[in-house]
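Step one of this worksheet: look at the structure below.
The values are calculated or read from the model by the stated rules, or taken from the named source; none is laboratory data. Because the structure is a prediction, the values reported are computed rather than measured. Positions of Cβ are generated from backbone atoms using ideal geometry, with glycine treated the same way; all protein chains shown enter the neighbour counts. Note: accessible area is taken over every heavy atom of the protein model, side chains too, but ligands, DNA and RNA are not part of it. Shrake-Rupley method; radii C 1.70, N 1.55, O 1.52, S 1.80 Å.
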Amino acid sequence: MATKLLSLTCIRKERFSGRYPVLWKHLNNRPRGGGGDGSPSETAVLKIDDEEAIASAVFSVTGMTCSACAGSIEKEIKRLPGIHEAVIDALNNRAQIQFYPSSRMIFSYSELYVETIRETIEDAGFEASLIENEANERSRQVCRIRINGMTCTSCSSTIESVLQSLNGVQRAHVALAIEEAEVHYDPTLLSCDKLLEEIDNAGFEAVLISTGEDVSKIDLKIDGEFTDESMMMIEKSLEALPGVQSVEISHGSDKISVLYKPDVTGPRNFIRVIESTVFGHSGHIKATVFSEGGVGRESQKQEEIKQYYKSFLWSLVFTVPVFLTAMVFMYIPGIKHLLMYKVVNMLTIGEITRWLLATPVQFIIGWRFYVGSYKALRRGSANMDVLIALGTNAAYFYSLYTVLRAATSPDFKGVDFFETSAMLISFIILGKYLEIMAKGKTSQAIAKLMNLAPDTAILLAVDEEGNVTGEEEIDGRLIQKNDVIKIVPGAKVASDGYVIWGQSHVNESMITGEARPVAKRKGDTVIGGTLNENGVLHVKVTRVGSESALAQIVRLVESAQLAKAPVQKLADRISKFFVPLVIFLSFSTWLAWFLAGKLHWYPEAWIPSSMDSFELALQFGISVMVIACPCALGLATPTAVMVGTGVGASQGVLIKGGQALERAHKVSCIVFDKTGTLTMGKPVVVKTKLLKNMVLREFYELVAATEVNSEHPLAKAIVEYAKKFRDEEENPAWPEARDFVSITGNGVRATVNGREIMVGNKNLMSGHKITITADAEELLAEAEEMAQTGILVSIDNELTGVLAVSDPVKPSAREAISILKSMNIKSIMVTGDNWGTANSIAREVGIDSVIAEAKPEQKAEKVKELQAAGHVVAMVGDGVNDSPALVAADVGMAIGAGTDIAIEAADIVLMKSNLEDVITAIDLSRKTFSRIRLNYVWALGYNLMGIPIAAGVLFPSTRFRLPPWIAGAAMAASSVSVVCCSLLLKNYKRPKKLDSLAIREVQVERV
């Protein structure tokens, strides 16, 4: 490789230096290495280590119209030295270039080299812009952080901007509703501690939840007598184990953290090593899995709820007497006389009592608002805490002024507002308490999922022949890959795996939403967290910990709740100027009423007997300040998305974030793949017709040997059918296939036992000049009429046989398409199968528009055509060949039983593989967004109506004014009402039409 690159460089050195003088200058100015002969360093620096990382840059390229354009770009780029691979995607207008970023290469300046690649594309006659630069894919890490102290969208936006300004942060999402942040960063440029420090500096409390390193990490607790020397022995013993990446011992504690590769080792090995290392040396110790105690999200939330509840109770202790002395006791003759007793000059016992009681509420219980305001103002922004602090301080310090004036003046008459400040703080704390309680319920879906995993498991000891020699009950977290576990009736499946013995029915409703128990027997897969109903199963574990299906679902739901919906941008934009605007309106309200009073623009009769014009104006100003609620706006979208994605997960519909939800509710056209989507995806050979004289067993021997190398469902069906001719073998060894070639969309070709075999469609045969006889044409037509796929087989360039493969239509497909039509959603089928079979399937399910014999890129092109026609397009598929279309569509929906690539490319994953869930996903998205609209109507309407009323627009005509403490209560109630409105989504029921879908048994008749 190095020699090739060197020769390439020498040939084009002169041309390259002319085209890219800036880069060439950088390279020539670098220090020369190598020997002392003064020779150029190219020879030395062009050595390439095959194991070093390959950098990748992705460009958006405009101007490509066909594959010839892509070819010309690829040709130009590959002329550059140091290029590993260039992939040009003309369909999606993207170019992914992989190159060597090593310092030993001629191009160590990666950024300059990326710019050179861009210039090369533009020199080829196209426009290019860098959209992604993956200088080291292995250096990407995801960090999850819990953030305490956020009160509104202004806070979350501030944290996002702080994080995104850091060098090395690639992406940052901050979710106000769940008070968490997800940060994608480069650990070579900054650490998690730096992220936490920056959040703390911004005025918030940051707690690390997890990092990318926690994927294969376990904490162990040590019980017993141990010394520093024994702990050092344990550390060295653990580090010596294969698969262990690092060991961290917390000095002064009994905790050991181990980072490891789950494919190589596991926690039971660590415990065995720890206990055997110390035993007999310094006493006996016992190691167990460390319990997190109260560090989890749920316990943190409960602690916060407890704190607010305690604060509210203490505020009531002081606020209720303040309220009684100001509002109630003043109308009871005996008590009124006592409260009005003057102690010093005009200072009364009532005023002193209210002052003493309101002060702890203002400065002790309300201290959190001062802290929040200080932190917000320090970072140059304003939040809800600023409004509350300003409003309560205005009321408290004016009241303090009246107390001091009354104590020093023999004729001063004034009214204090101590009850206003105390009641404001009490109601706001009550509102926060109720809001946190309600927000906690929005994330119950994750808590329920996490609690599905059982605490214990029965581990079986198995000998080399597979016989069970013993069993023991272990902690569920100690299960390792390739363990064999026993699942008794009524117990939960402890981990993902497959059945090696026994049969039973397993209730998977908690994972997939499938109501009926699923039959399980030898070879069937089981999912951790599901419930075994009857029968005993022995299961071999395939995935543990973070690799399990349950853990992946939890991660997907968590990520979905962190991702912002585009509609959230409205609240983000408003939050930037909301608080400053409210402060301006509040001051303007006070000034307008104060001037109006001083200039006698309104009758003195309007002023309450206990106030003067200044105090009336002050009350209006304070009411405006405390009634405005930015929180309700900030919670309108995320709470609804949280509940919606949680409800979807419980129904077996995994929605990847608010953006997918928002697009799904606008879908007007759905493109369906055929195999595995509209059909069962488990094709079977139903008919075989030989056109030449040969033994059927020999025929299938050759065909199966060819098809066993293919991943296509039809190929698997043929191989499975061929096994019937080898009854004595469960997994027969087929003859070796040489020169195997898969022709996408047509079939396969190989040489078996010296004979050239081709298996595929008419296009494959025609392309190789193989004559298709009239009999074969008739057999193909007959198969297509019966919605079967006809497959041709040629041996040594002679057409030898015709196979008919049937893939039954899913029982509910026709009804699902009918319901979609009633929802004004157009359905289209796109398949790589032949036109005859495609039309037959389409007629059976009720689809009018069909595209057959389509290659993967043609499926994506069809999606783009529909989008150009004004449709919001959803694509439903299950295979690798559907991935381009899933990405191109506005909403990609992957069938849960499909390939990992399709699931990764999709926006929504249907766990049950049922078409009814397509309807559920769209209906749920529509319900969720109607709830978001309702939340915005309420939040915006509340502020647009509440602020004018608080400012006194109704006072001239009705004498109605809103006291500040009632305005504060209304503000607290607005946030709670928005969250409760979102919580109503938990009562979501899928459309009743789906309940009436007939469940039919699928029968396939073999001929």
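Things worth noting here:
- Residue match in the range 757-779 (condition: among the charged types (D, E, K, R), open to solvent by less than 60 Å² (accessible area, probe 1.4 Å) and in contact (Cβ under 8 Å) with a residue 24 or more places away in the chain): no
- First in the range 849-863 and assigned to a strand (DSSP E or B), second anywhere and of a type in the set (S, T, N, Q) and open to solvent by less than 40 Å² (accessible area, probe 1.4 Å), Cβ under 8 Å, 6 or more apart: SER849/SER827; VAL850/THR831; ILE851/THR831
- Single condition LYS342 does not satisfy, out of (1) closer than 22 Å to THR420 by Cβ; (2) in contact with a strand residue (DSSP E or B) (Cβ under 8 Å, 6 or more places away or on another chain): (1)
- The residues of the range 764-793 that are within 17 Å of HIS712 (Cα to Cα) and at pLDDT below 90, listed by number, are LEU764, GLN788, THR789, GLY790.
- Among the residues of the range 837-846, those identified as in contact with a strand residue (DSSP E or B) (Cβ under 7 Å, 6 or more places away or on another chain) and surrounded by fewer than 22 Cβ atoms within 10 Å (Cβ to Cβ) are ASN839, GLU844.
- Strands (runs of 3 or more DSSP E) wholly inside the range 707-766 containing at least 3 residues that are within 26 Å of GLY877 (Cα to Cα): 737-743
- Residues in the range 818-836 that are touching a strand residue (DSSP E or B) at 6+ places or on another chain (Cβ under 8 Å) and either touching a residue at least 60 places away in the same chain (Cβ under 8 Å) or assigned to a loop (DSSP other than H, G, I, E, B) (or both): LEU820, ILE825, LYS826, SER827, ILE828, MET829, VAL830, THR831, ASP833, ASN834.
- Residues of the range 941-960 that turn out to be farther than 12 Å from VAL624 by Cα, of a type outside the set (A, V, I, L, M, F, W, C) and not in a loop (DSSP other than H, G, I, E, B), as a count: 5
- Screening ALA596, ALA636, ALA571, ALA565 for residues that are modelled with pLDDT of 90 or more, over 30 Å from ASP475 (Cα atoms) and aliphatic (A, V, I, L, M) leaves exactly one candidate, ALA596.
- All of ILE178, ILE159, ILE199 fail the test of being over 21 Å from the mean Cα position of the chain (by Cα) and open to solvent by less than 50 Å² (accessible area, probe 1.4 Å), apart from ILE199.
- Conditions (1) of a type in the set (Gly, Ala, Ser); (2) at pLDDT 90 or above; (3) over 52 Å from the mean Cα position of the chain (by Cα); number of the one not met by GLY334: (2)
- Unmet criterion (only one of (1) open to solvent by less than 50 Å² (accessible area, probe 1.4 Å); (2) free of Cβ contacts under 8 Å to residues at least 12 places away in the same chain) for MET150: (2)
- Test: ASN383 is touching a helix residue (DSSP H, G or I) at 6+ places or on another chain (Cβ under 7 Å), farther than 30 Å from THR158 by Cβ and of a type in the set (S, T, N, Q): no
- The residue that is most open to solvent (accessible area, probe 1.4 Å), among those in the range 226-276 that are among the β-branched types (Val, Ile, Thr) and at pLDDT below 80, is VAL264.
- In the range 399-421, the residues that are open to solvent by 10 Å² or more (accessible area, probe 1.4 Å) and touching a strand residue (DSSP E or B) at 6+ places or on another chain (Cβ under 7 Å): ALA407
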